[in-house]
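What follows is a set of notes on a single structure, which appears directly below.
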Amino acid sequence: MVTVKQLQDVNFSSQCSPFSLQGIKIPLYRFGSNSILDDGCAGRISCVLEGEEEEESVLDSVVLAQWEDRMWKGLFRYDVTASEIKFVGGRKKFIAQFNEGWSRDFMPRMGKNTSFCQEDLFKFSWMERQEELLFSVASGEKSNAELVLSAAVPDCALLIVINASPVEYGHVFLVPHGSKIIHQFLDKRSLELVLHVAVEINNCSFRLFYGYSPSAPRMYFQACYLQIPLPVEFMRFDTIFGAGKEGMRISSVADYPIKTLVLESNHFKTMMEVLAEICSCLQEKLIPYNLLISDHGKRIFLFFQLQTSTNSILSAWECGGYFLFKSRSEFDQATEEALLKQLSTVSLDNKGFQAVKLLCCSVASKFAS
């Protein structure tokens, strides 16, 4: 059994440019073939730490050990754990963070190619150091999950990369890698891997984020650990579709400034299939949206925004009620009224939301037993 200490001692092996995957060997986490997505059991983790009395997710430990290792090596632009955080006064309890070093500019750019294969390897022009690439995640053939200390990145994998300008503790990018991936669209295979990560990490603080905009297409997820649930998670939900006690449920979030739906299910395979088709339909209709995945993958928020010529699309954490301020004065003077206006301004209108609700319910009904 691989220990976290062994993982921290791993050195990257490469014989090529630091911005190419060719020749790179990094830690690889392979999911077990007995997929927890098949039976909906969020509590069963097949790979556990040696010597622990209680089951603990190795994937969770790997993410945190690798992220903290890079923090001690000084790869981040600032210490996000030292950032000042407060609740903004008001009913919604929006969260505000003061962080002078944070910037939207440090995001992955996919370059000129919309896809890549083994002969046309992806270039990480947004990475300053190869060590920002932590490890990869892929499906496996063995019954139980396994951690390989040094391996080439397989086809159809997720690359786990630090966000050097983190919003919160453990902030990483999850970038799909594979010969059949089109980086402008969220595909079913990539979504399955990401949802599998959410389930297998098995940490109630772990959140996954995704954003789609027709004017700025990208294909990567982000994730971090939030000690406090986002404000949207405390809102009241009004059910608009339900497929029995154990089936898929879709609800609208009541009294919230940005139009939001919530998908809930204990059957992760059904959740993944429904979500993949909904996202595909939204992308065909050029409707900007954000995803927030919480509760071990059992709850997924869909935020709907208007397409604008200014490309002012909010992030998923902003849609969820978490805002960052680079200015001390703006942080000190932040009000719920101003944040409500910021969210409502970009929200899909009522007519568009009604159409989206019908679309989502129609898709879900196709998968209802």
Original post:
If only one of Phe303, Phe367 is in contact with a Cys (Cβ under 7 Å, 6 or more places away or on another chain) and under 26 Å from Asn202 (Cβ atoms), which one is it?
Top reply: Phe303
Subject >> Residue count for region 220-234, restricted to those that are open to solvent by 40 Å² or more (accessible area, probe 1.4 Å) and of a type in the set (A, V, I, L, M, F, W, C) >> reply: 2
**OP:** Go through (1) crowded, with 19+ Cβ neighbours inside 10 Å; (2) touching a helix residue (DSSP H, G or I) at 6+ places or on another chain (Cβ under 9 Å) one by one and return the number of the condition Val153 breaks.
**Re:** (2)
Original post:
Among the numbered criteria (1) at pLDDT below 95; (2) within 20 Å of Met272 (Cβ to Cβ); (3) open to solvent by less than 10 Å² (accessible area, probe 1.4 Å); (4) not hydroxyl-bearing (Ser, Thr, Tyr), which single criterion is violated by Arg189?
Top reply: (3)
**OP:** State whether one or more residues within region 306-322 are open to solvent by 10 Å² or more (accessible area, probe 1.4 Å), hydrophobic (A, V, I, L, M, F, W, C) and modelled with pLDDT of 95 or more.
**Re:** yes
**OP:** Look at Val363 and say whether it is without any contact (Cβ under 8 Å) to a residue 60 or more places away in the chain and surrounded by 14 or more Cβ atoms within 10 Å (Cβ to Cβ).
**Re:** no
Subject >> Evaluation of Arg207 against (1) modelled with pLDDT under 95; (2) in a strand (DSSP E or B) (one fails), failing number >> reply: (1)
Original post:
Under 9 Å by Cβ, and 6 or more places apart or on different chains, what pairs join a residue from region 327-345 that is open to solvent by 60 Å² or more (accessible area, probe 1.4 Å) with one that is part of a helix (DSSP H, G or I)?
Top reply: Gln342/Glu318
Original post:
Among the residues of region 346-360, which ones are basic (Lys, Arg) and surrounded by fewer than 17 Cβ atoms within 10 Å (Cβ to Cβ)?
Top reply: Lys351
**OP:** Determine if region 246-260 includes at least one residue that is crowded, with 21+ Cβ neighbours inside 10 Å and among the acidic types (Asp, Glu).
**Re:** no
Subject >> Ile26 in a strand (DSSP E or B), at pLDDT below 95 and in contact with a strand residue (DSSP E or B) (Cβ under 9 Å, 6 or more places away or on another chain) >> reply: yes
Original post:
Within region 266-281, can one find any residue that is open to solvent by 30 Å² or more (accessible area, probe 1.4 Å) and either within 23 Å of Tyr322 (Cβ to Cβ) or free of Cβ contacts under 8 Å to residues at least 40 places away in the same chain (or both)?
Top reply: no
Subject >> Close pairs (8 angstrom Cβ cut-off, 6 or more residues apart or separate chains): within 17 Å of Tyr256 (Cα to Cα) and buried (at least 18 other Cβ atoms within 10 Å of the Cβ) in region 70-98, among the aliphatic types (A, V, I, L, M) and at pLDDT below 95 anywhere >> reply: Ile95/Ile228
Original post:
Restricting attention to region 165-172, does a residue exist that is open to solvent by 30 Å² or more (accessible area, probe 1.4 Å), farther than 19 Å from Gly32 by Cα, outside any strand (DSSP E or B) and modelled with pLDDT under 90?
Top reply: no
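The values are calculated or read from the model by the stated rules, or taken from the named source; none is laboratory data. Only a predicted model underlies this, so the values are computations on that prediction, with no experimental measurement involved. Because the Cβ atoms are built from the backbone with ideal geometry, glycine has one as well, and the counts that use them run over all protein chains shown. In case anyone asks, the SASA skips ligands and DNA or RNA and just uses the protein heavy atoms, side chains included. Shrake-Rupley method; radii C 1.70, N 1.55, O 1.52, S 1.80 Å.
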